[in-house]
Amino acid sequence: MPTSKSRLSYPDCESFLDTALEDEKGARIPFITEGQAHQFRVRLNYFRTLCREDNAKVYPERDAPLHGRCVYDPLQFTILPDSEGEWWVYARQNKINPADVERLSEVEE
């Protein structure tokens, strides 16, 4: 069965992503098998694609902040196992602490 092109088919993804955005670090969700975790990550990425496509239509001006972009773009998805055999899909905020960044011009000669 092909992947649905309707955002209404992804309420689980939207809920998970909203939760991840609300937390300063992100969120995670467990799955019984690695395959289920991978399938969910595929659905998350496709939902984000649909969001970008919808925003390109809603905000047709190319300089609009959300034209072709999605509010969920700052999230990075990874899959990790735990010691009990479950698989977790993580949605982490792509944020860095500016205090951790070193300018190369200041540290290299």
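The values are calculated or read from the model by the stated rules, or taken from the named source; none is laboratory data. Note that the coordinates shown come from a computational prediction; the quantities given were computed from them, not determined experimentally. Cβ atoms come from the backbone with ideal geometry, glycine included; neighbour counts cover every protein chain shown.
Observations
- Check on R48, basic (K, R), part of a helix (DSSP H, G or I) and surrounded by 10 or more Cβ atoms within 10 Å (Cβ to Cβ): yes
- Checking Y90, Y72 one by one, the residue that is surrounded by 12 or more Cβ atoms within 10 Å (Cβ to Cβ), in contact with a strand residue (DSSP E or B) (Cβ under 9 Å, 6 or more places away or on another chain) and assigned to a loop (DSSP other than H, G, I, E, B) is Y72 and no other.
- Given (1) in contact with a His (Cβ under 7 Å, 6 or more places away or on another chain); (2) free of Cβ contacts under 8 Å to residues at least 24 places away in the same chain; (3) not in a helix (DSSP H, G or I), index of the condition N55 fails: (3)
- Flag for L80 being outside any helix (DSSP H, G or I), of a type in the set (A, V, I, L, M), at pLDDT 95 or above and touching a strand residue (DSSP E or B) at 6+ places or on another chain (Cβ under 6 Å): yes
- Odd one out for Y59, checked against (1) surrounded by 10 or more Cβ atoms within 10 Å (Cβ to Cβ); (2) of a type outside the set (G, A, S); (3) farther than 24 Å from R41 by Cα; (4) modelled with pLDDT of 90 or more: (4)
- Failed criterion for F16 (all others in (1) farther than 16 Å from V71 by Cβ; (2) assigned to a helix (DSSP H, G or I); (3) at pLDDT 95 or above hold): (1)
- Q39 meets all of the listed conditions (1) free of Cβ contacts under 8 Å to residues at least 24 places away in the same chain; (2) closer than 27 Å to N97 by Cβ but one, namely (2).
- Meets criteria (aromatic (F, W, Y), under 10 Å from the mean Cα position of the chain (by Cα), surrounded by 13 or more Cβ atoms within 10 Å (Cβ to Cβ) and not in a loop (DSSP other than H, G, I, E, B)) for F40: no
- Remark: pairs (first residue in the range 1-23, surrounded by 14 or more Cβ atoms within 10 Å (Cβ to Cβ); second residue not in a helix (DSSP H, G or I); Cβ separation under 6 Å; 6+ apart in sequence or on different chains) = F16/I29; L17/Y72; T19/A27; A20/G26; A20/A27; A20/L75; A20/A91.
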